[in-house]
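Chemist: After the C-alpha cells below, expect a handful of questions from me.
The values are calculated or read from the model by the stated rules, or taken from the named source; none is laboratory data. All values reported here derive from a predicted model rather than from experimental measurement. No Cβ is skipped: glycine too gets one built from the backbone with ideal geometry, and neighbour counts run over all protein chains shown. Areas reflect the complete protein model, heavy atoms only, side chains present, ligands, DNA and RNA absent. Shrake-Rupley method; radii C 1.70, N 1.55, O 1.52, S 1.80 Å.
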Amino acid sequence: MTGIVTGPRPDLEEVLTDRLVEFNVAASEAVRERFEPDNLRSNPLAAWALDGERLVGGCVGRTEDVWHWLTVDTMWVDASLRGTGLGRALLASVEDQARARGCRWAKLNTWDFQAPGFYGACGYDVYAREVDYPPGHVNHLMRKDL
C-alpha cells in the first residue's frame, strides 16, 4: 500500500531529483544537451562602476550558453547616480557580454519598489507577476530578446 510520509528527507530528495532529471533528459533534447557535463555550469559575467575604489554601481549575471540565455541576478546603482545613464550602461555591458557568448534572450526579476520601469525602458517586457511575493509587493518577471 502506498503511503504519504511528511518531513525533510535529504536521501529521498536526491533520488527525487535524479528521477526528475532522468524524465526531463528523456523528454527534451535541449535538456539532454544542458545536462552534459561540459554544459552543467552557468558562466558568470559582470560590469562594475567604480569611483576610485568605491563601488557606485554593478550588474552581475550568468549565462546558460547552451540555451543562449542571460540571467541578470543583481543590479544596483548608487542613488546619487540614478538617472545619469550609468545603470543603462552597466546593463548594456552585461547584455553585450552575453551576446558575445551567443545569447539571444535575457531574463530578470525585479520588485515593484525596485526598477520595473527602468528595465521596461531598456526593452524588457513583463511576462509574469508574482503578487504578494513578498506580502504587499509584486515581483515582476521580465525578459528581453537580445
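Chemist: Of the numbered conditions (1) in contact with a Phe, Trp or Tyr (Cβ under 7 Å, 6 or more places away or on another chain); (2) open to solvent by 40 Å² or more (accessible area, probe 1.4 Å); (3) within 28 Å of Cys122 (Cα to Cα), Leu81 fails exactly one; give the number of that condition.
Modeler: Here Leu81 clears every test but (1).
Chemist: Another question about this same structure. What do you reckon, is Asn139 open to solvent by 80 Å² or more (accessible area, probe 1.4 Å) and outside any loop (DSSP other than H, G, I, E, B)?
Modeler: Here the answer is no, as Asn139 does not meet what is asked.
Chemist: Pull up region 1-25, narrow it to residues that are closer than 19 Å to Trp67 by Cβ and of a type in the set (Val, Ile, Thr), then point me to the one that is surrounded by the fewest Cβ atoms within 10 Å (Cβ to Cβ).
Modeler: The qualifying residue surrounded by the fewest Cβ atoms within 10 Å (Cβ to Cβ) is Val21.
Chemist: Go through region 65-100 and give me each residue that's in a strand (DSSP E or B) and over 13 Å from Phe118 (Cβ atoms).
Modeler: Within region 65-100, Trp69, Leu70, Thr71, Asp73, Thr74 qualify.
Chemist: Do we have Arg62 as open to solvent by 70 Å² or more (accessible area, probe 1.4 Å), within 29 Å of Ala115 (Cβ to Cβ) and in a loop (DSSP other than H, G, I, E, B) here?
Modeler: no
Chemist: Contact list please: Cβ distance under 7 Å, first residue in region 1-25 and without any contact (Cβ under 8 Å) to a residue 40 or more places away in the chain and within 19 Å of Leu40 (Cβ to Cβ), second residue surrounded by 10 or more Cβ atoms within 10 Å (Cβ to Cβ) and of a type in the set (Phe, Trp, Tyr), pairs at least six apart or on different chains.
Modeler: From residues that are without any contact (Cβ under 8 Å) to a residue 40 or more places away in the chain and within 19 Å of Leu40 (Cβ to Cβ), the pairs are Val21/Phe35; Val25/Phe35.
Chemist: In region 84-118, what residues are among the charged types (D, E, K, R) and either touching a Phe, Trp or Tyr at 6+ places or on another chain (Cβ under 7 Å) or under 20 Å from His140 (Cα atoms) (or both)?
Modeler: Of everything in region 84-118, those that are among the charged types (D, E, K, R) and either touching a Phe, Trp or Tyr at 6+ places or on another chain (Cβ under 7 Å) or under 20 Å from His140 (Cα atoms) (or both) turn out to be Arg88, Glu95, Lys107, Asp112.
Chemist: Out of curiosity, is Thr84 free of Cβ contacts under 8 Å to residues at least 40 places away in the same chain and touching a helix residue (DSSP H, G or I) at 6+ places or on another chain (Cβ under 6 Å)?
Modeler: Details: free of Cβ contacts under 8 Å to residues at least 40 places away in the same chain: yes; touching a helix residue (DSSP H, G or I) at 6+ places or on another chain (Cβ under 6 Å): no.
Answer is no for this residue.
Chemist: Still on this structure, please answer the following. Which ones in region 26-59 are open to solvent by 40 Å² or more (accessible area, probe 1.4 Å) and among the hydrophobic types (A, V, I, L, M, F, W, C)?
Modeler: Ala26, Ala27, Ala30, Phe35, Leu40, Trp48, Leu50, Leu55, listed by residue number.
Chemist: Does at least one position in region 104-123 carry a residue that is at pLDDT 95 or above, out of contact with any helix residue (DSSP H, G or I) (no Cβ under 7 Å at 6 or more places or on another chain), surrounded by fewer than 21 Cβ atoms within 10 Å (Cβ to Cβ) and closer than 16 Å to Trp48 by Cβ?
Modeler: No: region 104-123 contains no residue that is at pLDDT 95 or above, out of contact with any helix residue (DSSP H, G or I) (no Cβ under 7 Å at 6 or more places or on another chain), surrounded by fewer than 21 Cβ atoms within 10 Å (Cβ to Cβ) and closer than 16 Å to Trp48 by Cβ.
Chemist: How many residues are within 30 Å of Ala79 (Cβ to Cβ) and outside any loop (DSSP other than H, G, I, E, B) when one looks only at region 1-54?
Modeler: Qualifying residue count, region 1-54: 9.
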